[in-house]
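Right, one structure below, let's go through it.
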Amino acid sequence: MLLTYFYDRSLAQASYLVGCAATGEALVIDPSRDIRPYLQTAAQEGLRITHITETHIHADFVSGLRELAAATRAVMYVSDMGDASWKYAFADSPGVVRLQDGDTWMVGNIRVQAIHTPGHTPEHLIFQMTDTAGADRPMGLFTGDLLFVGTIGRPDLLEKAAGVAGTAVVGARQQFANIERLREMPDYLQVWPGHGAGSACGKGLGAIPSTTLGYEKLFNPAFHIPTEEAFVAWLLEGQPEAPRYFGQMKRVNRQGAALLSTLPQPIHLPSADLPARAADSLVIDTRPLEAFARQHAPGTVNIPADSSSLNTYAGWYVDFAAPTYLVADPADLPRILQLLRAVGVDDIPGYFAPDALTSHTGTIQMVTPRTAQMLMRDQGAFLLDVRGADEFASRHIPGAAHIPMGYVPAQRHVLPTDVPLIVQCGGGTRSQVVASLLQREGFTNVLNLAGGIDGWEREGLPLA
């Protein structure tokens, strides 16, 4: 049995290729939309991808299930469990096998067993792997979004992101039952989770790529909460903000994403078109923070291409029913498109090269921590902290108001317009995204706190 781990840092998402060396067959689990790594690895190992599956209908990225099947003609295995309203719309298509709890199939000499584990989502499956060429007991579990290193998957995404009321508590109770089920499984089982640190599919995810079930039983808090009611309260408390695009991803992955080959390539637009596009559509300027701060087209939103979270930040603000335009270095455009299409931003008709900005005068003023402190004291400047709730709870600048970055557009009416508005995050990137967004919404006196709360702390200024 060959096992290869793939990790997309921008989405904190893991996928896997499992191959049988004896027969040359391979299975890919939870593929991302960019299928090139799986094809390259299979070719290098002398394998052919014959089976593809995924643990559930994903909310945080566009699944590569159908993309990879189209390229390899592999059989797709999808869950047929859970609520009828959240089953795969393409489950009856040729080349698709619907899975029930306990179903098994072979990938060469490797036996795969599907185990229904509702909780994170109603249809969720985990996969137990046994290498029958050398063993009659399973080696490990691909746990998807049930069990992570150090924590478990959140049960509230259907309610928070997809608007399915009343599902969070039900899902939390199901997760409690799943933990009891895992408790009875052997400690030696390896655990290969679907996400790592930074994913919004759970709270407090560990950064290491794998673990064992025995280790998790010892140190994962989910295994140490004695009652169901206490477990439900613990699991639902303190979950990270669910990005707005999660609901869109659920719908896309349930229906089946468009193949990348069917998407048109954005065209290079003339500079003269930029003001009109910025006025009627979302234009994402992907240049570095400093370049945007010095000069940009009014109405554009700065999400730097060198940010590790370009796609997740964009996912908060994109209108999936309308086109999105870019300001981007043409040499970097393919990578930027890959990142955006990973979260379903497919309608990108055109882009502007950086030289389109030569006549524009938009700026964002960066303020040092001590200048910000003075403005707050002498001019009543309003300090807006746009980090996550857990970050704000752990430490924050005294007097700061808190609105997570994705919620700012809906709550902009509570922000003042008659005093300086200083936006602050951890290091300065998220705050600039929000500052540019507020400028687009008509705020004229917006400042970005240079270095964020990290810079504030380095200056020795007070924290709460």
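All of the numbers you see were taken from the coordinates with simple rules; none came from a lab. Quick caveat: nothing in here was measured; it's all calculated off a predicted structure. Using ideal geometry, Cβ is built from the backbone for each residue, glycine included, and neighbour counts are taken over all protein chains shown.
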With the alpha-carbon atoms as the only input, what is the per residue convex hull volume for region 231-339 in Å³? 150 Å³
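As a test, work out the antiparallel percent of DSSP beta bridges whose residues both lie in the chain, rounded to the nearest 5. Walk me through the numbers before you get to the answer.
Values: 32 of 70 bridges.
Roughly 45 percent of the DSSP beta bridges within the chain come out antiparallel.
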Check cross-link reach from Lys160 to the lysines: straight Cα distance under 20 Å, and skip same-chain residues fewer than eight apart. Lys87, Lys203, Lys250
Quickly work out the Ala165-to-Val414 label distance, labels modelled 7 Å from Cα along the C-beta direction, and quote it in nm with one decimal. 2.3 nm
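Once the cut-off is 26 Å, how many percent of the Cα-Cα pairs in region 2-255 end up in the long-distance tail?
Values: 11025 of 32131 pairs.
The proportion of pairs with Cα distances above 26 Å equals 34 percent.
All other residues with a Cβ under 12 Å from the Cβ of Ala162 taken together, and with Lys, Arg as +1 and Asp, Glu as -1, what is their net charge? Don't skip to the end; give the middle numbers.
Working: positive: Lys160, Arg244, Lys250, Arg251, Arg254; negative: Asp83, Asp156, Glu159.
After counting each charged neighbour, the total is +2.
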What angle, in degrees between 0 and 90 and rounded to the nearest 10, separates the Cα long axis of helix 429-440 from the longest principal axis of the Cα atoms of the chain? 60 degrees
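Report the gain in length on full extension from Ala464 to Asn109: 0.36 nm times residue separation, minus Cα-Cα distance, nm rounded to one decimal. Kindly include the intermediate steps, with their values, before the conclusion.
Numbers: separation 355, 0.36 × 355 = 127.80 nm, distance 5.78 nm.
Separation in residues times 0.36 nm, less the Cα-Cα distance, equals 122.0 nm.
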Among [x] 41, 27, 18; [y] 45, 27, 19; [z] 42, 31, 19, which one is semi-axes √(5λ) of the Cα gyration tensor in Å computed from these coordinates? [x]
Total charge of the residues flanking Met81 in space, meaning their Cβ is under 12 Å from its Cβ, with Lys and Arg +1 and Asp and Glu -1, is -3
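Name the GluC sites (Glu not before Pro) in region 103-203 that are in a loop by DSSP and that have at most 13 other C-beta atoms within 10 Å, would you?
Numbers: sites: Glu123, Glu159, Glu180, Glu184; in loops: Glu123, Glu184.
Of the GluC sites (Glu not before Pro), the ones in loops of region 103-203 whose Cβ has at most 13 other Cβ atoms within 10 Å are Glu184.
For region 137-221, what relative contact order do you get, as a whole percent, if you take Cα pairs closer than 8 Å and at least 6 residues apart? Let's see the in-between values first.
On the way: 141 pairs, mean separation 34.8, N = 85.
The value is 41 percent.
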Would you work out which of Pro420, Ala276, Pro404 lies farthest towards the positive end of the dipole of the chain? Charges go on Cβ: Lys and Arg +1, Asp and Glu -1. Ala276
The aspartates and glutamates whose Cα lies under 14 Å from the Cα of Lys217, excluding any fewer than 8 residues away in the same chain, are Glu180, Glu184, Asp187
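Net charge around Leu39, counting only other residues with Cβ within less than 12 Å of its Cβ (Lys, Arg = +1; Asp, Glu = -1)? Provide the component values of the computation, followed by the final result.
Values: positive: Arg36, Arg48; negative: Asp34, Glu45, Glu67.
Around Leu39, the surrounding residues sum to -1.
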From the P(r) of region 280-322, could you give the percentage of C-alpha pairs in the tail past 12 Å? 59 percent
Cut-off is 10 Å between beta-carbons; in what order do Ile225, Ile364, Ile110 appear when sorted fewest neighbours first? Ile225, Ile364, Ile110
Relative contact order of the chain, defined on C-alpha pairs under 8 angstrom at six or more residues apart (%): 12 percent
Rounding to the nearest 20 debye, state how big the charge dipole of region 401-460 is about its Cα centre with +1 on each Lys and Arg Cβ and -1 on each Asp and Glu Cβ. 180 debye
Quickly work out the Leu259-to-Lys217 label distance, labels modelled 7 Å from Cα along the C-beta direction, and quote it in nm with one decimal. 4.7 nm
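Using only DSSP helix segments of four residues or longer, with each worth -39500 (n - 2.57), what per-residue ellipticity at 222 nm results for the chain after dividing by its residue count and rounding to 500?
Working: 16 runs with 136 residues, N = 464.
Result for the chain: -8000 deg cm²/dmol, rounded to the nearest 500.
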